[in-house]
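The values are calculated or read from the model by the stated rules, or taken from the named source; none is laboratory data. Owing to the predicted nature of the structure, the values given are computational and were not obtained by experimental measurement. Glycine also receives a Cβ, built like all others from the backbone with ideal geometry; neighbour counts cover every protein chain displayed. We work out accessible area using only protein heavy atoms, side chains counted, and drop any ligands, DNA or RNA first. Shrake-Rupley method; radii C 1.70, N 1.55, O 1.52, S 1.80 Å.
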Amino acid sequence: MLSLLKKELHSYFITPIGYVFVAVYLAVNGVLFTNLTLKATVPTTSVEAYFTSSVLALVLLVPLLTMRSFSEERKMKTDQLLLTAPISLGAMVGAKLLGAYIVYALTVVASSMNMIALGIYGATINYGAIFGSYLSLLLIGLACVSIGVFISALTENQLISAVMTMAFLLVIVYLSLFNSQIESDFLRTVLSWISLLDRYALFTYGIFDLSSLIYYLSIAGVFYFLTVRVFEKRRWG
């Protein structure tokens with residue numbers, strides 16, 4: 001698995017995909033940080049808005065990172081080599097997922113350099129809320145990457161993979177926004193429970209929520225399992 005992971009990480013930077021993702025993500029977050037934090041009257045009051053907006057950037061950009069995971073393999077017919085390679089399907093899918101996630105996680109860590117500007121600007125920094133916000137970005141990112149890798153395994157067209165992933169993530173992240181249009185308390189509760197954004201919000205207040213941690217890891221686990229099942233069916237079907 002380690003050799004496949006190294007190959008996957010290497011592939012992100014011998015093609016423009018890795019560089020485009022890192023550059024666009026950092027640029028978008030830089031613009032959001034500047035406009036929602038540094039230009040605010042009181043910088044610390046807008047940090048929450050910055051992190052919440054970062055989730056939208058994540059939803060729009062993660063599909064660029066995952067669209068090629070398996071779609072490219074299917075298009076180039078190299079997926080057959082993976083299916084017959086002396087490596088388990090779980091390890092193969094895990095290497096693909098980890099490769100994409102490591103690129104994402106390192107980019108998020110790099111974006112944390114924005115926080116240095118708060119100290120220079122003279123703002124009072126709430127370290128607990130900032131740490132919790134970055135932790136939540138890493139967790140929600142893991143869930144989103146696992147969804148993107150799964151969808152990539154369903155089609156050989158990278159554009160279709162990106163669009164489908166973006167649409168799915170927009171729905172699952174912002175489900176709770178429809179609560180104001182729903183009269184049923186039960187449905188509102190269900191939508192809030194499913195929504196990735198509602199669980200994310202707790203971390204932005206510096207509150208560590210174990211149930212949310214388990215939820216994000218469970219989402220990643222479910223879609224990892226589904227991706228493995230796709231290839232099991234393809235191998236034996």
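Distance distribution note for the stretch 85-202: the fraction of Cα pairs above 23 angstrom is 49%. Restricting the chymotrypsin sites (Phe, Trp or Tyr not before Pro) of the stretch 137-200 to loop positions (DSSP other than H, G, I, E, B) with no more than 10 neighbouring Cβ atoms within 10 Å leaves nothing. For I194, the solvent-accessible surface computed with a 1.4 Å probe is close to 60 Å², ligands and nucleic acids excluded.
Expressed as a whole percent, the accessible surface of the chain that belongs to carbon and sulfur atoms is 71, based on a 1.4 Å probe. With respect to the chain, whose longest principal axis is taken over its alpha-carbon atoms, helix 210-236 is tilted by about 20°. Excluding ligands, DNA and RNA, the accessible surface per residue across the chain is 49 Å² with a 1.4 Å probe. The angle between the Cα long axis of helix 89-111 and the longest principal axis of the Cα atoms of the chain comes to about 30 degrees, rounded to the nearest 10. Seen against the Cα atoms of the chain and their longest principal axis, helix 185-194 is set at about 70 degrees. Overall shape of the chain was characterised from the C-alpha gyration tensor. The equivalent ellipsoid obtained from it has semi-axes of 33, 22, 15 Å, in decreasing order.
Mean residue ellipticity at 222 nm, helices only, the chain: -25000 deg cm²/dmol; runs of at least 4 DSSP H residues each add -39,500 (n - 2.57), and the sum is divided by the number of residues.
Among the listed pairs K6/K75; K7/K96; K6/K96, those with a Cα-Cα distance over 19 Å are K6/K75.
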